[in-house]
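Engineer: Would you mind keeping the following structure in view while I ask a few things?
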Amino acid sequence: MENQVKTNIGVGCFEHPDKTVVASCPNCGKFMCKECATKYDSKLCEDCEKERVAKQEQNYENMKQQHKEQAKNYKKDTVKELIKLCVITVVLGIIGFSIGSSDGMGNGFTMAWLLAGFPWGWRIINQLMDGNMMTWFILLTEKFWIVAYIIKFALAFFIGIFAWPIKLGITIYHVVTAKKYENNVNKAYK
């Protein structure tokens, strides 16, 4: 005890006034004895440590709510996309089936498939035409615009035959993974 140098003579530790001051809280400046200074890894006083832990818990709760909300919105968006896809498919499929059945050849299912896939084929054609193919299409449309659009429509129907089931499969996969993601987030933050 004699070897210790007392700092701040007349002022003791905030919690233990009879003990020698060896440090001060880096946050609020309260004087601390060796016991108080080494009580927490943060080297903060009791009050500042409680405040730090409360802030940390609040940040964790905010992050938890944000993750839960993101998972919920992701699932909601994927379900909306699936519903949109199904509605478009059913409406165009019914129109295609009625057109195909009315021709007397029994091609209702074929026409339904072609029309149901058309929007997805059209989207792919438009994406492909961004760039070099667009130059070709513009040149073709200047002189033979009707032919160019007939080709574009035919390609959209053809590509749609394959694009539609792929789009449907991908969308269903996204719905399933979104549900799993939401479940995992909810389990992680119980």
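No lab work stands behind these numbers, since they all come straight from the coordinates. Source: prediction; values computed, not measured. Positions of Cβ are generated from backbone atoms using ideal geometry, with glycine treated the same way; all protein chains shown enter the neighbour counts.
Engineer: Using the Karplus curve 6.51 cos²θ - 1.76 cosθ + 1.60 with θ = phi - 60°, what ³J(HN,Hα) values do you get for each residue of the stretch 174-188, in whole Hz, with x for Gly and Pro?
Structural biologist: Rounded to whole hertz, the list is 5, 5, 5, 5, 5, 5, 4, 4, 4, 4, 5, 5, 5, 5, 5.
Engineer: While we're looking at this one, here's another question. Which residues in the stretch 150-164 place their backbone N less than 14 Å from a point set 7 Å from the Cα of Ile95 along the Cα-to-Cβ direction?
Structural biologist: 157
Engineer: Students often forget the sequence filter, so: which lysines lie under 21 Å Cα-Cα from Lys19 once same-chain residues fewer than 8 apart are removed?
Structural biologist: Result set, ordered by chain and number: Lys6, Lys30, Lys34, Lys39, Lys43.
Engineer: Here is a further query. List every residue whose amide H lies under 5 Å from the amide H of Ala23, counting only residues 5 or more places away in sequence or on a different chain, with H placed 1.01 Å from N in the peptide plane.
Structural biologist: Under 5 Å from the amide H of Ala23 lie the amide H atoms of Met32, each far enough along the sequence or on another chain.
Engineer: May I pose another question? Extension gain Lys190-His67, at 0.36 nm per residue separation less the Cα-Cα distance, in nm?
Structural biologist: Values: separation 123, 0.36 × 123 = 44.28 nm, distance 1.23 nm.
Going from the current span to full extension adds 43.0 nm.
Engineer: Still on this model: Neighbouring Cβ atoms within 10 Å as the yardstick, rank Val21, Val90 fewest first.
Structural biologist: Val90, Val21
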